[in-house]
Amino acid sequence: MTERYEGIKASGGLAIGNLYLFSREEVVVDDRKIREEEADDEFNKVKDSINAYIDQLSNNEGASEAQKNIAAAHTELLSDPYFTDTIESKIKNELKNSELALDETIKEMVEIMSQIDDDYLRERASDYKDIGLQVMYKLKKITPKDLAHLDKNSIVISKELTPSDTSNMDKEAVVGFATDLGGKTSHTSIIAQTLDMPALVGMGDISTKIKGGEKAILDGNEGLLIVNPSQEEIDNYTALIKEQKEKKERLKLIKDKEAVTKDGKKIEVSANIGNLEDLKIAIENGCDGVGLFRTEFLYMQSSEFPSEEKQFEVYKEATQMLGDKPLIIRTLDIGGDKGLDYFEFPKEENPFLGYRAIRLCLDKKEMFKDQLRALVRASAFGNLKIMIPFVVNINELKEARNMIEEIKKELDQEGIAYNKDLDVGIMVETSASIIMADKFIKYADFFSIGTNDLTQYTLAVDRGNENIADLYSNYNPAVLRAIKHVIDISHEAGKWTGMCGAFASDTEATKLLLGLGLDEFSGSSAKIAEIKDTIINSDQNKESEFAAKAIDCESTEEVESLVKEHK
Ligand code: PEP
Ligand code: MG
């Protein structure tokens, strides 16, 4: 009988195959107390096991970039003196044996990481679990089961998949995976995305519901696992997979092309990034530049405000990686839903409307200056532009610009190079910046529309509130009119407008946004080729007629059906 299970979409795509149930060896921790004279030997056993695992991690021939990064991150965790000191103290002071000391230390680390109020860092708890398990295997001299030899077209089902499980997975044989645990930012998701393999996570107890060997369809686009599908479903999905494969092949040839419309308008198709690893992927995917570098991750993954020097190195490297392609770096947008471990934000009723982004930066000028100096210095190495988020008053932009001018004077005195024509633009994401766009454009070299926030503020709909999720739509005509207004104002002033909110990656909306006059689309790297393909096959003039009809609609639903009909 056909059974359907839903999960969190970790990586898109479709697969048909047979389920393979993967379970890891259960380890029973020996919780013996030891005698004092045994302590040195016990600690040496853990050290040897850690080193053996580090050796194994360094031997990563043929691994993907993402897997190498995970191996490097694990090596760093294993080399952390706090980690080994804690184990040593448990053995030598508390007289716990090696296994117990390792187990307790890992549990404590996992507990600490799990409490961090940040999805990305919280997921790193699974790194600790993984290294703990691998070191435990070494201690116990267990050779763990692996995914290296599987039958063709296997869909792996497991409680969870750790980076070590996926590192030696037979990539020719596995066509997808689904796990009980994990979230969107878990390693399972990240690896599935880099392997370009459909995957679902957070499926509850799927690993206890299947036996293994069943025929199944994994639909990563819809978040669905269909076990024992009907012949009709298999036929439908087989046809869909063929279609998607052909499309993928066609898009591969397009990714490095220029996105020029049939009537000759050149559009930039860029990527949003949070770090240099994202940038590598963006470049591989044919980006024309970066439309948004979210610098808050640099701050969130640090244990203190990152220094000017540390930031300079990152911005410089990113600039150089892109050559003369534009790199738009957004100044710190912290607060709202993003906190820092080392900085206490005031308790607020409405953090999204509170002490955040440029407001905080202008209040903490010393800290802000470190970032601005790093940015201005890095501008000497390529086509870097600075973008100020969340502005509502012209004065905020003027103040930031004044700081940049002061920095340029300082750098002149210090004999340090920078780009004298460095562009400074704003993210248009608040109602005030839309309404006052004609004034802002006098002081901004460009606009980039942040639809994630623009839609939230224009419609007064919290972007993260599930209860009102159906009211949050980029297709609301009010949002479209705001976008059109902002683009028109920038064009009248001879300047340009890009979009770095998620709407830019919505491939259903590409023609509409092209018709509204957008100059740059910046979003998910995975969508670059598809957006370029649509642009190359569109006529800007024709699409602007279509966009005029869309902004004349009375409701979101009306716009949506118009867009659906317009292929
Ligand atoms: C936006 O608001 O559209 C945006 C791109 O920024 P963030 O999602 O980081 O708020
Ligand atoms: Mg925003």
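The values are calculated or read from the model by the stated rules, or taken from the named source; none is laboratory data. Since we're looking at a predicted model, the values are computed, not measured. All Cβ positions, glycine included, derive from the backbone under ideal geometry; neighbour counts span all protein chains shown. We work out accessible area using only protein heavy atoms, side chains counted, and drop any ligands, DNA or RNA first. Shrake-Rupley method; radii C 1.70, N 1.55, O 1.52, S 1.80 Å.
Key figures for this structure:
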quantity: Hits in region 481-498 (condition: under 14 Å from Thr451 (Cβ atoms) and either part of a helix (DSSP H, G or I) or open to solvent by 10 Å² or more (accessible area, probe 1.4 Å) (or both)); calculated: Arg481, Ala482, Ile483, Lys484, His485, Val486, Ile487
quantity: All positions within region 218-229 that are over 24 Å from Ala526 (Cβ atoms) and touching a Ser or Thr at 6+ places or on another chain (Cβ under 6 Å); calculated: Asn228, Pro229
quantity: Single residue of region 457-480 satisfying the filter (open to solvent by less than 10 Å² (accessible area, probe 1.4 Å) and within 16 Å of ligand 2 (Cβ to nearest atom)) that is modelled with the lowest pLDDT; calculated: Val461
quantity: Helices (runs of 4 or more DSSP H) wholly inside region 84-196 that include at least 2 residues being under 18 Å from Leu21 (Cα atoms); calculated: 163-167, 187-195
quantity: From Val314, Val290, residue being within 19 Å of Gln193 (Cβ to Cβ) and in the same structural domain as Ser522 (by the TED database); calculated: Val290
quantity: Search result, residues across region 499-539 that are open to solvent by 30 Å² or more (accessible area, probe 1.4 Å) and assigned to a helix (DSSP H, G or I); calculated: Ala502, Thr507, Glu508, Lys511, Ala526, Lys527, Glu530, Thr534, Ile536
quantity: Matching option when the condition is crowded, with 18+ Cβ neighbours inside 10 Å, farther than 26 Å from Ser473 by Cβ and away from ligand 1 (no atom under 16 Å from the Cβ), among Ile394, Ile404; calculated: Ile404
quantity: Check on Ser433, buried (at least 19 other Cβ atoms within 10 Å of the Cβ) and within 15 Å of ligand 1 (Cβ to nearest atom); calculated: yes
quantity: The lone exception for Thr179 - which of (1) touching a Ser or Thr at 6+ places or on another chain (Cβ under 6 Å); (2) surrounded by fewer than 21 Cβ atoms within 10 Å (Cβ to Cβ) it fails; calculated: (2)
quantity: Of all residues in region 274-304 being in a strand (DSSP E or B) and within 12 Å of ligand 1 (Cβ to nearest atom), the one that is most open to solvent (accessible area, probe 1.4 Å); calculated: Arg294
quantity: Total residues in region 375-391, condition within 16 Å of ligand 1 (Cβ to nearest atom) and either open to solvent by 60 Å² or more (accessible area, probe 1.4 Å) or not aromatic (Phe, Trp, Tyr) (or both); calculated: 6
quantity: Gly523 vs. criteria closer than 26 Å to Lys385 by Cβ and at pLDDT below 95; calculated: yes
quantity: Residue in region 62-71 that is among the aliphatic types (A, V, I, L, M), in a helix (DSSP H, G or I) and surrounded by fewer than 17 Cβ atoms within 10 Å (Cβ to Cβ) present; calculated: no
quantity: Among (1) hydroxyl-bearing (Ser, Thr, Tyr); (2) out of contact with any Gly (no Cβ under 7 Å at 6 or more places or on another chain); (3) within 13 Å of ligand 1 (Cβ to nearest atom) - the single one Tyr443 does not satisfy; calculated: (3)
quantity: Any hit, region 406-415, residues being outside any helix (DSSP H, G or I) and either touching a Ser or Thr at 6+ places or on another chain (Cβ under 9 Å) or more than 16 Å from ligand 2 (Cβ to nearest atom) (or both); calculated: yes
quantity: Hits in region 158-187 - residues which are β-branched (Val, Ile, Thr) and in contact with a Phe, Trp or Tyr (Cβ under 7 Å, 6 or more places away or on another chain); calculated: Thr185
quantity: Set Asp412, Asp423, Asp438: member being open to solvent by 30 Å² or more (accessible area, probe 1.4 Å) and touching a Lys or Arg at 6+ places or on another chain (Cβ under 8 Å); calculated: Asp423
quantity: Enumeration of residues in region 305-321 that are open to solvent by 10 Å² or more (accessible area, probe 1.4 Å) and either part of a helix (DSSP H, G or I) or within 16 Å of ligand 1 (Cβ to nearest atom) (or both); calculated: Glu308, Glu309, Lys310, Phe312, Glu313, Val314, Lys316, Glu317, Gln320, Met321
quantity: Qualifying residue in region 99-116 (condition: open to solvent by 50 Å² or more (accessible area, probe 1.4 Å), of a type in the set (Ser, Thr, Tyr) and at pLDDT 85 or above); calculated: no
quantity: Of residues in region 417-442 being in a helix (DSSP H, G or I) and more than 24 Å from Gly354 (Cα to Cα), the one nearest to ligand 2 (Cβ to nearest atom); calculated: Ile441
quantity: Output for region 323-352, where each listed residue is at pLDDT 95 or above, more than 19 Å from the chain's Cα centre (by Cα) and not in a loop (DSSP other than H, G, I, E, B); calculated: Pro326
quantity: Within region 366-424, tally of residues that are of a type in the set (Phe, Trp, Tyr) and either outside the structural domain of Ile328 (by the TED database) or over 29 Å from the mean Cα position of the chain (by Cα) (or both); calculated: 1
quantity: Residue match in region 498-515 (condition: over 27 Å from the mean Cα position of the chain (by Cα), within 27 Å of Lys385 (Cα to Cα) and β-branched (Val, Ile, Thr)); calculated: no
quantity: Residue list for region 355-373, filter: outside any helix (DSSP H, G or I) and away from ligand 2 (no atom under 16 Å from the Cβ); calculated: Lys364
